[in-house]
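In what follows, a single structure is set out as structure tokens and then discussed.
Every number in this text was worked out from the coordinates using simple rules, so none of it is lab data. Everything quoted here is computed from the prediction, not taken from an experiment. Here Cβ is always computed from backbone atoms with ideal geometry, including for glycine, and neighbour counts include all displayed protein chains.
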Amino acid sequence: MKDVEDHLNNIQSRLTASPMILEIEIVSRRELDDRGYFRARLKLINHDFLEVSEYFEIQAGVVQTKEYRHQWMDGTKQELKKRWDNATHYPDLPNFPNHIHVGSENQVVSGQLLSIIELIDVIEQELEKT
């Protein structure tokens, strides 16, 4: 379980270290022998809301993100900015099942597998532009 615990600790460390995150509320953190789950709600430096969740497995010592859903909204939680996920409901998109909802539920584009740690890099880049 050490690898699972290490990955969960790495996620928390990355969130804590990010200058773009003001507040962190850990909703769920679960560890099993070879898999884990992490979910948190974040307040960003611009007061936007970001909810992150990731289910992962350790295979041959390597972390494999299996399911993820990351939702970025304005501070009122009324306006969707982006949601990255791999739910299997857009089979015609390239890189299925990975996709991004941009600005609304109906605006969907192809995406890439995105762990929480990778997402924080993306968010930091986006916020640095503003």
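Can you pull the one-decimal nm distance between simple spin-label points at residue 16 and residue 80, each 7 Å off the Cα toward Cβ?
3.3
For the range 46-130, what is the relative contact order in percent, using Cα pairs closer than 8 Å and at least 6 residues apart in sequence?
Relative CO of the range 46-130 lands at 21 percent.
Report the calculated FRET efficiency for residue 23 and residue 102 (r = Cβ-Cβ distance, R0 = 35 Å), to the nearest 0.05.
0.90
Determine which lysines satisfy two conditions relative to residue 129: a Cα distance under 19 Å, and not lying fewer than 8 residues away in the same chain.
Reachable lysines: 43, 81, 82.
Sum up the charges of everything whose Cβ sits under 12 Å from the Cβ of residue 17, counting Lys and Arg as +1 and Asp and Glu as -1, but leave residue 17 out.
-1
Using only Cα atoms, what is the ratio of the radius of gyration of the chain to 2.2 N^0.38 Å?
1.05
Which residue fluctuates the most in the chain, going by a Gaussian network model with Cα springs under 10 Å, if the choices are 53, 115, 104?
Comparing 53, 115, 104 in the GNM, the peak value goes to 104.
Residue 66 label point, 7 Å along Cα→Cβ, cut-off 11 Å on backbone N: hits in the range 1-35?
So the set is 32-35.
Using helices alone, I'd like the mean residue ellipticity at 222 nm for the chain: each DSSP H run of four-plus residues gives -39500 (n - 2.57), total over residue count, nearest 500.
That comes out to -7500 deg cm²/dmol.
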